[in-house]
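Some notes on the structure that comes next.
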Amino acid sequence: MFDREKWAEIFDTIGKNKLRTVLTGFSVFWGIFMLIILLGGGRGLRNGFEYDFRNTAVNSINIWGGQTSVPWQGLPVNRDIRLTMQDLEAIRHGIPGLEHISGEYRLWRGRSQLNYGENYGNFTIKGIQPEYRMLEQQTVIAGRFINEVDLADARKVIVIAEDAQESLFKDEDPLHKWLQVNGIPFEVVGIYQFESGGRGQNQSSSVFIPLTTAQRVFNAHNDVDRIAFSFSESTLAGSKMAEQRAIGILAQRHRFDPADERALWVGNNLENAETFGQVFNGISAFLWIIGIGTIIAGIVGVSNIMLIVVKERTREIGVRKALGATPANVVGQVLLEAIFVTGLAGYFGLVCGVGLLEWLSGVIPPSEMFRQPEVDLTIALYALALLVAAGTFAGWIPARRAAAIRPIEALRDE
Amino acid sequence: MIELRGIKKAYRTGSNVLQVLKGIDLHIGPGELVSIMGSSGSGKSTLLNILGILDNYDAGSYHLDGKLIKDLSETESAGLRSRYIGFVFQSFNLIGFKNALENVALPLYYQGVPRKKRQEKALELLERVGLKEWAHHLPNELSGGQKQRVAIARALISDPKVILADEPTGALDSTTSHDVMDLLLSVNRDLGLTVVIVTHEHDIAAMTSRSIHLKDGRIERDVTNKPTADVR
């Protein structure tokens with residue numbers, strides 16, 4: 001392996017056929033380069049989607065009321081199912097392992113107007129319960145979130161986001177200031193961190209008020225639009241069970257067929273995450289297949305060139321054998337050359353691919369679809385192992401051909 | 001040194017069987033200088049291949065230095081070649097991208113001799129064939145006669161028992177032919193090596209002490225030559 005003579009000969013043959021070697025090496029370079037770029041890009045897509053889900057407790061379920069589509073117990077179809085606080089309490093007590101639960105009553109921003117003095121703004125108003133903060137993983141950066149006392153007393157308090165603070169209060173400190181919501185005064189008690197984007201492409205934030213206050217102020221009695229809850233179980237089967245149990249409870253209370261898929265709209269985040277995970281695993285597998293296909297094209301190129309080299313050097317190999325070279329010597333020589341060419345070219349591909357990804361993640365702004373394309377060490381190691389295997393494979397057939405050359409070739413006249 | 005008994009060799013091409021050697025009995029003693037002569041198709045190349053362990057034979061037996069050479073693996077025959085036999089070829093067969101010194105040292109590389117030792121010995125031999133100053137020249141910078149002298153040095157470096165020369169002067173003019181022959185003769189005389197020269201030139205054959213004439217796969221004549229005045 002570390003034999004000066006062998007290396008001298010490899011460099012000599014490479015030197016005599018620079019263009020040919022460079023072109024061959026380029027195909028391997030390109031294969032590895034593409035593999036790294038593809039896998040890095042796939043990783044960027046995955047990172048983008050994972051980023052979207054960062055604000056959602058992954059083991060949570062959301063339920064919205066729908067409309068029945070199947071007659072049940074003599075009741076007609078097309079009944080609206082409206083969720084209430086009683087439904088929420090029934091779920092709270094009926095789901096084993098339930099962690100957090102919150103109802104939500106929502107006023108879309110087209111129907112709301114907030115103002116502080118002369119500054120106006122439209123924000124979606126959400127009436128929520130304190131545990132909402134855990135479900136949506138909101139970070140409070142000043143003051144506090146909605147608490148149980150706010151809820152019990154139906155206080156007129158409001159938690160706003162940074163962008164609302166900016167448009168309504170400018171440089172003023174909003175805490176304990178009173179702003180108007182559709183003409184009703186609310187006291188600002190907290191500010192939470194808002195990142196634009198995410199699922200649903202929210203460009204502006206929501207503001208939070210106590211659920212009880214919302215129901216009272218907007219004449220919603222004890223209706224809720226959405227019930228969200230999380231549970232300790234983190235397996236897909238466990239989440240499906242919690243989902244079925246919640247549907248069962250609501251079906252009994254509202255008298256609809258539990259199998260009626262349109263009576264309720266159910267979003268199971270764990271299931272969604274699982275589905276996305278599978279999609280991205282599929283994409284990864286697909287990218288590997290393409291990348292490996294490209295590398296195989298490169299291997300065939302190297303193998304071809306080595307076959308020509310062996311053919312050209314038939315006489316020389318014959319002479320070497322007459323002088324005492326064993327088949328193992330000859331095979332070693334050809335294999336080493338093939339591994340060297342593929343290894344070096346592939347290593348360049350690896351470095352260039354990683355370099356390009358680094359550069360890309362610097363210049364492409366992170367978004368929901370794509371962020372931080374990268375390759376981890378494991379992938380790089382796989383690629384490297386693939387290279388050595390590729391080199392060995394590329395050299396194998398030519399090496400066998402070389403070993404089969406008979407030493408009497410040396411005696412043949414030119 | 002070389003003991004052939006009833007050697008037969010046939011080549012099959014399709015349904016045709018060409019019997020090239022039809023039973024060769026030959027004894028060559030240690031230190032002999034022998035030429036093998038014959039027209040093309042007489043089987044002299046095949047005989048040389050068998051002597052050089054480059055090819056196998058169908059029937060008979062071949063003993064080299066008392067050792068039976070039969071049914072060897074490629075690795076075994078490579079080992080025997082490198083220890084027993086030094087080859088000199090008609091077209092020199094020097095490796096083009098290696099200089100004279102490296103070419104001479106090559107057989108020792110396959111014996112696993114350290115680089116420094118190889119080169120020392122190669123330089124010694126180049127000095128012996130009178131090409132010490134040319135040690136670092138590539139083959140294409142040497143004349144034909146010089147190339148063949150490098151090749152002879154290469155054949156000698158592994159201290160073989162037998163030198164097999166296949167038309168060593170076939171590509172040379174008559175003056176350089178005589179220089180090369182002188183060198184082979186001195187190798188035989190001074191080092192006591194067995195030298196077998198395949199040639200079709202009578203004046204070359206006349207310089208050896210024994211000529212074996214092949215015809216149609218058999219030994220036609222086995223002549224002992226008178227010592228020639230040609231040897232300088």
Discussion item. Suppose we keep just the alpha-carbon trace of the range A:100-229; what are its Rg and Dmax in angstrom?
Written reply: 13.4, 39
Worksheet item: Hey, got the dipole for the protein assembly as shown? About the Cα centre, +1 on K and R Cβ, -1 on D and E Cβ, debye to the nearest 20?
Response: 1960
Item to complete: Set the Förster radius R0 to 25 Å, insert the Cβ-Cβ distance between residue A:178 and residue A:89 as r into 1/(1 + (r/R0)^6), and round the FRET efficiency to 0.05.
Response: 0.20
Practice prompt. Give the interface area between chains A and B as buried accessible surface, both sides summed, probe 1.4 Å, in Å² to the nearest 100.
Written response: 2600
Discussion item. I need to check one value: relative contact order of chain A, counting alpha carbon pairs closer than 8 Å and at least 6 residues apart, in percent.
Written reply: 29
Discussion item. Using the basic label-point model (7 angstrom from Cα toward the beta carbon), what is the residue B:116 to residue B:200 distance in nanometres?
Written reply: 5.0
Item to complete: Provide the FRET efficiency to the nearest 0.05 for the residue A:171-residue A:385 pair, computing r from the beta carbons and using R0 = 56 Å.
Response: 0.45
Item to complete: Could you work out the Rg to Rh ratio of the range B:1-134, with Rh taken as the Kirkwood radius (inverse of the mean 1/r over all Cα pairs)?
Response: 1.03
Fill in: Cα-based radius of gyration of chain A once divided by 2.2 N^0.38 Å, which approximates compact folds
1.55
Practice prompt. Starting from the Cα coordinates of the range B:62-191, work out the convex hull volume and express it per residue in Å³.
Written response: 116
Worksheet entry | Per-selection Rg to Rh, the range B:32-76 - Cα, Kirkwood hydrodynamic radius | 0.99
Worksheet entry | Simple Cβ-charge dipole of the range A:100-229, Lys/Arg +1 and Asp/Glu -1, about Cα centre, in debye nearest 20 | 360
Practice prompt. Would you list which aspartates and glutamates come within 19 Å of residue A:170, measuring only between C-alpha atoms, while excluding same-chain residues fewer than 8 positions from it?
Written response: A:118, A:162, A:187, A:195
Fill in: Two-site label geometry, residue A:314 and residue A:404: point separation in nm, points 7 Å out along Cα→Cβ
1.2
Worksheet item: Given charges of +1 on the Cβ of Lys and Arg and -1 on the Cβ of Asp and Glu, with all other atoms neutral, how large is the dipole of the range B:1-63 about its Cα centre, in debye to the nearest 20?
Response: 240
Worksheet entry | Computed E for residue A:358/residue A:26 - FRET, C-beta separation, R0 25 angstrom, nearest 0.05 | 0.70
Discussion item. How far apart, in nanometres, would the label points at residue B:68 and residue A:222 be if each is projected 7 angstrom from Cα along the Cα-to-Cβ direction?
Written reply: 10.8
Discussion item. Run the paramagnetic zone check for residue A:142: 7 angstrom along Cα to Cβ, then residues of the range A:164-190 with backbone nitrogen under 16 Å.
Written reply: A:164-179, A:187-190
Worksheet item: Once phi is turned into θ = phi - 60°, what whole-Hz ³J(HN,Hα) does the Karplus curve with 6.51, -1.76 and 1.60 give for every residue of the range B:148-164, x standing for Gly and Pro?
Response: 5, 5, 4, 5, 5, 4, 5, 5, 7, 5, 8, 6, x, 8, 10, 9, 10
Response to the item:
When the charge dipole of the protein assembly as shown is computed with +1 at the Cβ of Lys and Arg and -1 at the Cβ of Asp and Glu, the Cα pointing farthest to the positive end, of A:186, B:114, A:338, is that of B:114
Worksheet item: Quick one: which of A:16/B:132; B:121/B:147; B:8/B:44; A:311/B:70; A:311/B:161 span more than 23 angstrom between C-alpha atoms?
Response: A:16/B:132; A:311/B:70; A:311/B:161
Worksheet, complete the sentence: Cα gyration tensor of the range A:1-129 diagonalised, 5x eigenvalues square-rooted, in angstrom largest first, produces semi-axes 66, 24, 17
Item to complete: Towards the positive end of the charge dipole of chain A, with charges on Cβ (+1 Lys, Arg; -1 Asp, Glu), say which of A:325, A:285, A:88 has the farthest Cα.
Response: A:325
Practice prompt. Based on a Kirkwood Rh over C-alpha pairs, give the Stokes-Einstein translational diffusion coefficient of the range A:294-409 at 25 °C and viscosity 0.890 mPa s in µm²/s.
Written response: 152
Worksheet entry | P(r) tail fraction, the range A:306-368 - alpha-carbon pairs more than 15 Å apart, % | 67
Worksheet, complete the sentence: In whole percent, the Cα-Cα distances of the range B:146-227 spread across 10 Å bins from 0 upward as 16, 51, 28, 4
Worksheet item: If you wrap a convex hull around the Cα atoms of chain B, how much volume per residue is inside, in Å³?
Response: 130
Fill in: Exposed trypsin sites (Lys or Arg not before Pro) absent: longest stretch of chain A, with sites in DSSP loops and at most 16 other Cβ within 10 Å deemed exposed
A:263-411
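The values are calculated or read from the model by the stated rules, or taken from the named source; none is laboratory data. Computed from a prediction, not measured in an experiment: that's the story for all the values here. With ideal geometry, Cβ positions are generated from the backbone for all residues, glycine too; neighbour counts draw on all protein chains shown. Accessible surface areas use protein heavy atoms only, side chains included; no ligands, DNA or RNA. Shrake-Rupley method; radii C 1.70, N 1.55, O 1.52, S 1.80 Å.
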